[in-house]
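*Asks:* There's a structure below that I have some questions on.
The values are calculated or read from the model by the stated rules, or taken from the named source; none is laboratory data. In this text, all values refer to a predicted model and were calculated from it rather than measured experimentally. Every residue, glycine among them, receives a Cβ derived from its backbone with ideal geometry; neighbour counts consider all protein chains shown. Areas reflect the complete protein model, heavy atoms only, side chains present, ligands, DNA and RNA absent. Shrake-Rupley method; radii C 1.70, N 1.55, O 1.52, S 1.80 Å.
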Amino acid sequence: AEFNVRIPGWVSNAGSRAVIPAAIFTAAEKGAFARANRTQPIYFEYPSVKEDDITIDLPPGWQVSNVPTARNQDGHAIVYTLKVEQGPGTIHLTRTLTVNILLLEPTLYPTVHNFYEIVRTGDGEQIVLRPGEIHASN
């Protein structure tokens with residue numbers, strides 16, 4: 001699906017700069033496997049792929065100051081990628097989370113926990129924008 005979306009309050013001010021999160025549609029992963037321990041088997045309802053492909057049009061004159069480093073975490077059965085590219089007047093975000101398992105023993109929970117910590121860290125990275133000069137034409 002393709003949408004044009006406005007998200008009030010999504011951008012944070014940081015002095016003369018603006019900061020936006022590198023990932024947008026990540027609510028489901030924020031609390032996933034956050035506890036340090038688990039005693040029961042880990043059950044995923046179904047294998048899935050979540051793909052976000054987002055292009056952000058910057059306001060006139062704004063420039064990208066800093067983007068997060070690309071991430072590619074391959075856990076074989078679970079894979080996470082995040083890539084932020086800047087273009088003229090745009091930012092292109094691509095994020096994929098692939099889960100290709102159904103059931104894991106609780107002894108593997110530390111691996112799953114660590115993987116989702118990497119996902120949360122990547123999703124929480126920031127893109128820094130700064131206002132540029134706008135030149136009026138005659």
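*Asks:* Give, rounded to the nearest 20 debye, the magnitude of the charge dipole that the range 6-138 has about its Cα centre when Lys and Arg contribute +1 at Cβ and Asp and Glu contribute -1 at Cβ.
*Replies:* 320 debye
*Asks:* How many Å² of accessible area per residue for the chain, probe 1.4 Å? Write down the numbers at each step before the final one.
*Replies:* Details: 9280 Å² over 138 residues.
That works out to 67 Å² per residue.
*Asks:* Accessible surface of L102 in the full protein assembly, 1.4 angstrom probe, to the nearest 10 Å²?
*Replies:* Spelled out: L102, probe radius 1.4 Å, area about 90 Å².
*Asks:* Right, another one. If contacts are Cα pairs under 8 angstrom and at least 6 residues apart, what is the relative contact order of the chain in percent?
*Replies:* Value for the chain: 36 percent.
*Asks:* Here's a follow-up. Ranked by accessible surface with a 1.4 Å probe, highest first, in what order do W10, W62 come?
*Replies:* Heavy-atom accessible area, descending, gives W62, W10.
*Asks:* With a 1.4 Å probe and all protein chains left in place, how much of the accessible area of the chain comes from carbon and sulfur atoms, in whole percent?
*Replies:* 51 percent
*Asks:* Here's another thing I want to ask about it. Given only helices, namely DSSP H runs of n ≥ 4 each adding -39500 (n - 2.57), what is the per-residue ellipticity at 222 nm of the chain, to the nearest 500 deg cm²/dmol?
*Replies:* Rounded to the nearest 500, the figure is -4000 deg cm²/dmol.
*Asks:* Here is a further query. Can you find, among I20, A36, G61, the residue farthest towards the positive end of the dipole of the chain? Put +1 on the C-beta of Lys and Arg, -1 on that of Asp and Glu.
*Replies:* Result: A36.
*Asks:* Give the accessible area for K50 in Å² (nearest 10); use a 1.4 Å probe, count only protein heavy atoms, and leave out ligands, DNA and RNA.
*Replies:* About 70 Å², rounded to the nearest 10.
*Asks:* Given 25 °C and 0.890 mPa s, how large is the Stokes-Einstein diffusion coefficient of the range 42-138 in µm²/s, with Rh as the Kirkwood radius over Cα pairs?
*Replies:* Rounded to a whole number, D works out at 157 µm²/s.
*Asks:* To the nearest 10 square angstrom, how much accessible area does T90 have with a 1.4 angstrom probe?
*Replies:* 40 Å²
*Asks:* Also, I was wondering about something else. Compare R17, R95 by solvent-accessible area with a 1.4 Å probe and give them largest first, with all protein chains kept in place.
*Replies:* Descending order: R17, R95.
*Asks:* Between N66, N37, N114, where does the largest GNM mean-square fluctuation fall for the chain, given springs only between Cα atoms within less than 10 Å?
*Replies:* Largest GNM mean-square fluctuation: N37.
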